[in-house]
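Written out below as structure tokens is the structure these notes cover.
The values are calculated or read from the model by the stated rules, or taken from the named source; none is laboratory data. Being a predicted model, the structure only gives us computed values, none of them experimental. When we count neighbours, we look across all protein chains shown, and the Cβ atoms used for this are built from the backbone with ideal geometry, even at glycine.
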Amino acid sequence: MGLFYEADKTFSQLMDEKKNYVFIGEAGSGKSEIVLNVAAKIAEKTGKAVDLFDLDQTKPLYRSRDMQNAFKDKGVTIHYQDQYLDAPVMVGGVRVSLVSDNYTLLDIGGGHQAAKFAGAYADLLSKDDAVPVYIINPYRPWSGSVDAIDGTMRHILGSMRLDHIYLLANPNLGYATTADDFIEGLDKADKLFKDYTTITSACVRCDILEEVRSKTDKDLIPIDLYLTYSWID
């Protein structure tokens, strides 16, 4: 199969085919924003219950759990477990959701430790109805080379006891990312992986979607920014 899974399919196609999702990405990649958006899109399109498990073990901000109350009306239940200081914790109900009729999304943050927890469900996450998704943000310093990205992916996949992953681009520099920034980031991502695989899909902020649509043939996943704070300019 190779490391890069379903490379011939767009992410929109996968959202029509898969029930269970694992999202992986380094801090600052925009992973949690994407997870929230995908959960909301699936709930709206299918009318089925969606379980989002926030397994972030490190950062105190920009976590999907911060939107727990706001997403209830969208048909998305966000599950998490409070931590004491930096002690890693398990979140209950993951296996039940993975085998139920609900859609299940796992937001893996905290690198090796969180991935190790997710490895407890490797038997279910390796099935045809599941897909592990790695968020590539080429503007982040740890995504500057294929070797750096490959090392991170293989380390996390090893912890999760999985052997393949789907690449989803998210070229952004933050809330002020322009259409030109987005296209430049896409080009950087394509150049990074041109000898290995093709990135078919990318996430883009809704407010610049129309501006970039004519500049790329990739499948574009429009996203809203939910994880904002009053002190952010």
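What is the number of the single condition among (1) modelled with pLDDT under 75; (2) touching an Asp or Glu at 6+ places or on another chain (Cβ under 9 Å) that His164 does not meet?
Unmet condition: (1).
Among (1) modelled with pLDDT of 75 or more; (2) more than 19 Å from the chain's Cα centre (by Cα); (3) among the polar types (S, T, N, Q), there is one condition Asn137 misses while meeting the rest; what is its number?
Answer for Asn137: the failing condition is (2).
Does at least one position in region 13-29 carry a residue that is under 10 Å from the mean Cα position of the chain (by Cα), surrounded by 15 or more Cβ atoms within 10 Å (Cβ to Cβ), at pLDDT below 95 and part of a helix (DSSP H, G or I)?
No, that holds for no residue.
Against the conditions (1) surrounded by fewer than 21 Cβ atoms within 10 Å (Cβ to Cβ); (2) under 17 Å from the mean Cα position of the chain (by Cα); (3) at pLDDT 85 or above; (4) of a type in the set (A, V, I, L, M), where does Leu106 fall short? Just the number, please.
(1)
How many residues does region 30-74 hold that are in a loop (DSSP other than H, G, I, E, B), of a type in the set (Gly, Ala, Ser) and within 13 Å of the chain's Cα centre (by Cα)?
Qualifying residue count, region 30-74: 1.
Any idea how many residues of region 167-189 are under 18 Å from the mean Cα position of the chain (by Cα), in a helix (DSSP H, G or I) and modelled with pLDDT of 95 or more?
Looking only at that region, the number is 3.
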